[in-house]
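The values are calculated or read from the model by the stated rules, or taken from the named source; none is laboratory data. Because the structure is predicted, anything quoted here is derived from the model rather than measured. Reconstructed Cβ throughout: ideal geometry from the backbone, glycine too, with neighbour counts over all protein chains shown.
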Amino acid sequence: MHLNRITISSQEFPTRDFYPFNLSILQNTDSISFTRPVTFFVGENGTGKSTLLKAICRRCHIHIWEDTEHNRYQYNSYEDELYKYIEIDWVNGSVPGTFFASQIFQDFARFLDEWACASPGILPYFGGNSLLAQSHGQSLLAFFKARYKIKGLYFLDEPETALSPKSQIKLLQILKNNSKAGQAQFIISTHSPILLAFPEATIYSFDKTSVETISYKDTEMYHLYKDFINNPEEYLEKL
């Protein structure tokens, strides 16, 4: 374990009118503890789980490789400020890590290719080959297998959006191997009932008035997928 707890200083929020500071769940949650090597954030879209995940990552001084040079029609000046109101409690001091999200992985892969042109020796840290020269799923698994062997704190934002069910099971094996080794700690935002099945993980629900733990079989994802697979006709009739 590397990260022990985060504390959210909601009383110091600069506003309560704009996202993400207007989310009642962030206003009502004082702290979140991390007692196991794998922790999941679950909840509906817009509940703030991915926003909090990214804010914790920034507060831990872990760089997010994303291309931000784009024009925006509307811009919320508060959207990336949440990290300033989070306190970090480390177990034995800070550690390095990475942030993964499928929508920014191509930016990272491109940055890595440019980096490797000047320093090819960097590639073994990320699978040994150019991530751009592989299929999307293959490049992700190559990255996960190589990077998560290194001691660190790893954030994943809905990795299932880029992985087939079979590849999600392979990711489970990667999480198991590296969390057992005591080197890696994972915090993952997900909608995947496959990933949520990871044994002995802590699952935090963002569908309550404050962030609370929930068991795997009590999650909405588990019930929805199970009910749909058992009786898809019932759901399709409602369309």
Please go through region 127-169 and give me each residue that is outside any helix (DSSP H, G or I) and of a type in the set (Gly, Ala, Ser), ordered by number.
GLY127, GLY128, SER130, SER135, GLY152, SER164
When only residues in region 130-180 that are of a type in the set (Ser, Thr, Tyr) and in contact (Cβ under 8 Å) with a residue 24 or more places away in the chain count, which is nearest to SER119 (Cα to Cα)?
SER139
Inside region 92-124, can you point out the residues that are of a type in the set (A, V, I, L, M) and either without any contact (Cβ under 8 Å) to a residue 24 or more places away in the chain or within 16 Å of HIS61 (Cα to Cα) (or both)?
VAL95, LEU112, ALA116, ALA118, ILE122, LEU123
Got a sec? Which of THR47, THR51, THR39 is under 14 Å from ASP157 (Cα atoms), in a helix (DSSP H, G or I) and either among the polar types (S, T, N, Q) or in contact with a Lys or Arg (Cβ under 9 Å, 6 or more places away or on another chain) (or both)?
THR51
Those residues that are surrounded by fewer than 16 Cβ atoms within 10 Å (Cβ to Cβ) and among the hydrophobic types (A, V, I, L, M, F, W, C), I need them from region 105-127; list them, please.
PHE111, TRP115, CYS117, ALA118, ILE122
Got at least one residue in region 224-231 being out of contact with any strand residue (DSSP E or B) (no Cβ under 7 Å at 6 or more places or on another chain), aliphatic (A, V, I, L, M) and surrounded by fewer than 12 Cβ atoms within 10 Å (Cβ to Cβ)?
yes
Counting just the residues of region 170-201 that are surrounded by fewer than 18 Cβ atoms within 10 Å (Cβ to Cβ) and not in a helix (DSSP H, G or I), which one comes out modelled with the lowest pLDDT?
ALA181
Under 7 Å by Cβ, and 6 or more places apart or on different chains, what pairs join a residue from region 1-22 that is loosely packed, with under 14 Cβ neighbours inside 10 Å with one that is part of a strand (DSSP E or B) and among the basic types (Lys, Arg)?
none
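If you take the residues in region 31-51 that are free of Cβ contacts under 8 Å to residues at least 40 places away in the same chain and touching a strand residue (DSSP E or B) at 6+ places or on another chain (Cβ under 7 Å), which one is surrounded by the fewest Cβ atoms within 10 Å (Cβ to Cβ)? Write out each step before concluding.
Quick first cut of region 31-51, residues free of Cβ contacts under 8 Å to residues at least 40 places away in the same chain only: 31, 33, 45-46, 51.
Those left that are additionally touching a strand residue (DSSP E or B) at 6+ places or on another chain (Cβ under 7 Å): 31, 33.
On the way: SER31: 12, SER33: 14.
Of everything passing the filter in region 31-51, SER31 is surrounded by the fewest Cβ atoms within 10 Å (Cβ to Cβ).
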Being farther than 16 Å from ALA101 by Cα and in a loop (DSSP other than H, G, I, E, B): is that true of PRO124 here?
no
Hits in region 21-30 (condition: among the polar types (S, T, N, Q) and in contact with a strand residue (DSSP E or B) (Cβ under 7 Å, 6 or more places away or on another chain)):
THR29
